[in-house]
Amino acid sequence: MSAIIELQNVYKIYQMGDEALHALDGISLTIEEGEFIAIVGQSGSGKSTCMNIIGCLDVPTSGKYLLDGVDVSTMNSNQLADIRGRKLGFIFQQYNLIPKLNVQENVELPLLYAGYDKQTRRAAASEALKRVGVLEKRKNLPSQLSGGQQQRVSIARALAGNPSVILADEPTGALDSKTGAEVLKFLKELNEEGRTVVLITHDNSIAKQAKRIIKLADGCITYDGPSNGENAVVESEVQA
């Protein structure tokens, strides 16, 4: 395996008046192609900032981020958008579907931004919707779907561009336990097919579905190892 994600001494510092807030405080990590990783931590630990940088939604204040060997840490917003469209698929807790677009259009949208022609967009979106079992809902609006169906659509949207990395940010947070288990099963299947899956969560039971856990606290990595490790868990009394 080769490294697909590599953070080298990454800092993310926000200036809050006279105070500098270190959301990430010099972290370094490597994720190999085909791994299934959970990034965990309490609120304010830096895990969302870490995901934003890995997802090319933000850039470090200093340090390097190599995505598939390419340094993206100094890219501008247009370059970041381009690499997101080609390399990354996103699954969010709140689905982030556009209410006025039907299911098919929602799944096609990232492909439109990435410059794919109409025929290619339609075929890729239909295949992705078929894969997650909601092709028959392609003409429906998001408001006409259950939460579980909306999350399936968001997974289809993430898959449509055939990304090498799936970033799942609290993907089961808005779902009941049965539907959440189905989403996790699907993420495992994608990983078994060779995709790299990075799961962001504060929930220990969800995190333990991954093979490796990276735990953050105060912008620093405090644990990086197997998901069954003694120190892998997040302290339950602070969980929401």
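The values are calculated or read from the model by the stated rules, or taken from the named source; none is laboratory data. On a predicted model such as this, the values are computed, not experimentally measured, just so you know. Virtual Cβ from ideal backbone geometry, glycine too; neighbours counted across all protein chains shown. SASA here: full protein model, heavy atoms, side chains in, ligands and nucleic acids out. Shrake-Rupley method; radii C 1.70, N 1.55, O 1.52, S 1.80 Å.
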Worksheet item: Under the condition of being closer than 23 Å to Leu184 by Cα and in a loop (DSSP other than H, G, I, E, B), which residue from region 1-45 is modelled with the lowest pLDDT?
Response: Ser43
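Any residue in region 92-104 that is at pLDDT below 90, more than 19 Å from Ser48 (Cα to Cα) and open to solvent by 50 Å² or more (accessible area, probe 1.4 Å)?
The answer is no, given that none of the residues of region 92-104 is at pLDDT below 90, more than 19 Å from Ser48 (Cα to Cα) and open to solvent by 50 Å² or more (accessible area, probe 1.4 Å).
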Fill in: Scan of region 47-72 for residues that are under 18 Å from the mean Cα position of the chain (by Cα) and open to solvent by 10 Å² or more (accessible area, probe 1.4 Å), ordered by number
Lys47, Ser48, Thr49, Asn52, Leu57, Asp58, Val59, Pro60, Leu66, Asp68
Worksheet item: Do any residues in region 123-149 that are open to solvent by less than 60 Å² (accessible area, probe 1.4 Å) have Cβ atoms under 7 Å from those of residues that are basic (Lys, Arg) and in a helix (DSSP H, G or I), where the two are at least six apart or on different chains, and which pairs are they?
Response: Val132/Arg152; Gly133/Arg152; Val134/Arg152; Leu145/Lys137; Gln149/Lys137
Practice prompt. Within region 41-54, identify whether any single residue is of a type in the set (A, V, I, L, M, F, W, C) and touching a helix residue (DSSP H, G or I) at 6+ places or on another chain (Cβ under 8 Å), and answer yes or no.
Written response: no
Practice prompt. Determine whether region 74-89 contains at least one residue that is assigned to a helix (DSSP H, G or I), over 22 Å from Tyr11 (Cβ atoms) and more than 18 Å from the chain's Cα centre (by Cα).
Written response: yes
Worksheet item: Hey, among Glu193, Glu136, which residue is charged (D, E, K, R) and modelled with pLDDT of 95 or more?
Response: Glu136
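Any idea how many residues of region 22-46 are closer than 22 Å to Glu193 by Cβ and open to solvent by less than 10 Å² (accessible area, probe 1.4 Å)?
5
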Worksheet entry | Every residue from region 10-21 that is touching a Ser or Thr at 6+ places or on another chain (Cβ under 9 Å), surrounded by fewer than 20 Cβ atoms within 10 Å (Cβ to Cβ) and either among the acidic types (Asp, Glu) or in contact (Cβ under 8 Å) with a residue 24 or more places away in the chain (or both) | Tyr11, Ile13
Fill in: Tally, over region 112-133, of residues that are in contact with a Leu (Cβ under 8 Å, 6 or more places away or on another chain) and either over 23 Å from Gly180 (Cβ atoms) or assigned to a loop (DSSP other than H, G, I, E, B) (or both)
6
Practice prompt. Search region 168-226 for residues being without any contact (Cβ under 8 Å) to a residue 12 or more places away in the chain and closer than 15 Å to Ser45 by Cα, and hand back the single one that is surrounded by the most Cβ atoms within 10 Å (Cβ to Cβ).
Written response: Tyr223
Discussion item. Exactly one of these conditions fails for Ile166: (1) of a type in the set (A, V, I, L, M); (2) within 26 Å of Tyr14 (Cβ to Cβ); (3) touching a strand residue (DSSP E or B) at 6+ places or on another chain (Cβ under 6 Å). Give me its number.
Written reply: (2)
